[in-house]
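Quick notes on the structure that follows.
The values are calculated or read from the model by the stated rules, or taken from the named source; none is laboratory data. Just so it is clear, the structure is predicted and the values come from calculations on it, not from any experiment. Every residue, glycine as well, gets a Cβ built from its backbone with ideal geometry; the counts of neighbours run over all protein chains shown.
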């Protein structure tokens, strides 16, 4: 096999390539679960006050992170298109340059929000004892948002360019490093250097992200340079054009992720008014559900990458539709099998994650079922979202999910809790209704604008002169399509 053939073999959509990719992503995201929980685990021996403060602060950080992830997914999709097109050597510098400018804008936003964190928490009526500790954590994490973005994008780049095992190894090393730094900053003389334990664990996380980001980016560039031999320099005009497109599309995708975050948090706050037993049962249900969701999420990540490859290869609308349906099947089959297993084992899983014997196991099983019953629609919605992100349809994604989240999901959850008194329907009814609308609207746009034999006024192009993305038009066309997808430049 020649070097060229070896270089593009990973872009072929086969069951083996897809399953290998999804398994590595599943392992990586599983490590990520531990990565996100290590701060709470390490600070827990210091008392419940610190646990509450870090938990509260991390909830806020997660919201902004969800929004910023839009940039990572848009960058990844465009990198995948370039990889499929075999134009990475020419496109990498432009993509990185545009990403860097977008990341600086998001960093400025994060710093502004960090400076207003204390005011926000006071207005939100949070406990006065928790506010200074939470602010310590929020400020450090948000001031270091850019390194988290760089690491996330470097990790995505490694996966796209067939170096996914390297991303997994860096994540494992980072997890170990974070645990060690947390211990050193909390339980040794180094603790005196920080204003609070909350600040200490935040600094440890940012330092680890910084090392991971630098090393991940270094390894990626070195491997790509070895493969491509020569990387083109970025033209200033090309970077500006790419930035104008990337910042617009990434905001739309970011709003879509933020809507998912709000759709998860707000109904849970409603459920909390039904009492501690119901809230505990719901918390156990969502914990099992969240862990299981790593399976479809890994497959959807694979969908985004392999679909990007096909765009880059100049696939026709018929070929894209065929590949899209295959990718949906590749995600649906393991998810369906896993769903059956989780439901069959639900009493045991609820007892396992419920901890003490005080939890109502039957209530926990009911709440787990409420989450799992939404899985079929979840898979279709997530797949369509990943594909439309590749097509740079940020405005469509943000508009549809905003209407479904605040017009259906949250109102139905409120009615279910405060009128019907049911936590089950707060999750099931709202999720099913909103997801059905989202699937309908996204599917309509996908089949009409990108998978039709002759897509109306929006050609499915490739990276470079043929794909979406220049001068964004914030207005929507009369038939409901967003105005992205024209010109040069160029993931619930």
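Residue under question is residue 162, and the condition is that it be crowded, with 16+ Cβ neighbours inside 10 Å and not in a helix (DSSP H, G or I); does it hold? So residue 162 passes the test. Checking each residue of the range 249-257 against the condition of being within 17 Å of the chain's Cα centre (by Cα) and surrounded by fewer than 23 Cβ atoms within 10 Å (Cβ to Cβ) gives at least one match. Does residue 245 satisfy the condition of being over 29 Å from residue 136 (Cβ atoms), out of contact with any helix residue (DSSP H, G or I) (no Cβ under 7 Å at 6 or more places or on another chain) and crowded, with 23+ Cβ neighbours inside 10 Å? Judged against the criteria, residue 245 is a match. Within the range 219-237, the set of residues being in a helix (DSSP H, G or I) and over 26 Å from the mean Cα position of the chain (by Cα) comprises 222, 225, 226, 227, 228, 236, 237. Looking at (1) modelled with pLDDT of 85 or more; (2) under 29 Å from residue 168 (Cα atoms), can you tell me which one residue 266 breaks? Result: residue 266 passes all but (2).
In summary, residue 282 fulfils each of the numbered conditions (1) more than 21 Å from residue 390 (Cα to Cα); (2) touching a helix residue (DSSP H, G or I) at 6+ places or on another chain (Cβ under 7 Å); (3) surrounded by fewer than 24 Cβ atoms within 10 Å (Cβ to Cβ) with the single exception of condition (3).
In the condition set (1) assigned to a helix (DSSP H, G or I); (2) in the same structural domain as residue 64 (by TED's automatic domain parsing), residue 240 is compliant with all but (2).
Residue by residue, here is whether (1) at pLDDT below 50; (2) over 22 Å from residue 254 (Cβ atoms); (3) not in a helix (DSSP H, G or I) holds:
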{"position": "400", "(1), (2), (3)": "no, no, no"}
{"position": "404", "(1), (2), (3)": "no, no, no"}
{"position": "414", "(1), (2), (3)": "no, yes, no"}
{"position": "425", "(1), (2), (3)": "no, yes, no"}
{"position": "432", "(1), (2), (3)": "no, yes, no"}
{"position": "437", "(1), (2), (3)": "no, no, no"}
{"position": "444", "(1), (2), (3)": "no, yes, no"}
{"position": "473", "(1), (2), (3)": "yes, no, yes"}
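Of the conditions (1) at pLDDT 95 or above; (2) touching a helix residue (DSSP H, G or I) at 6+ places or on another chain (Cβ under 9 Å), residue 108 clears all except one; give me its number. With respect to (1) at pLDDT 95 or above; (2) touching a helix residue (DSSP H, G or I) at 6+ places or on another chain (Cβ under 9 Å), residue 108 is out only on (2).
Among the residues that make up the range 200-211, is at least one of them under 27 Å from residue 91 (Cα atoms) and surrounded by 23 or more Cβ atoms within 10 Å (Cβ to Cβ)? Yes, the range 200-211 contains at least one residue that is under 27 Å from residue 91 (Cα atoms) and surrounded by 23 or more Cβ atoms within 10 Å (Cβ to Cβ).
Per this entry, residue 322 is not counted among residues that are over 16 Å from residue 384 (Cα atoms), surrounded by 15 or more Cβ atoms within 10 Å (Cβ to Cβ) and more than 24 Å from the chain's Cα centre (by Cα).
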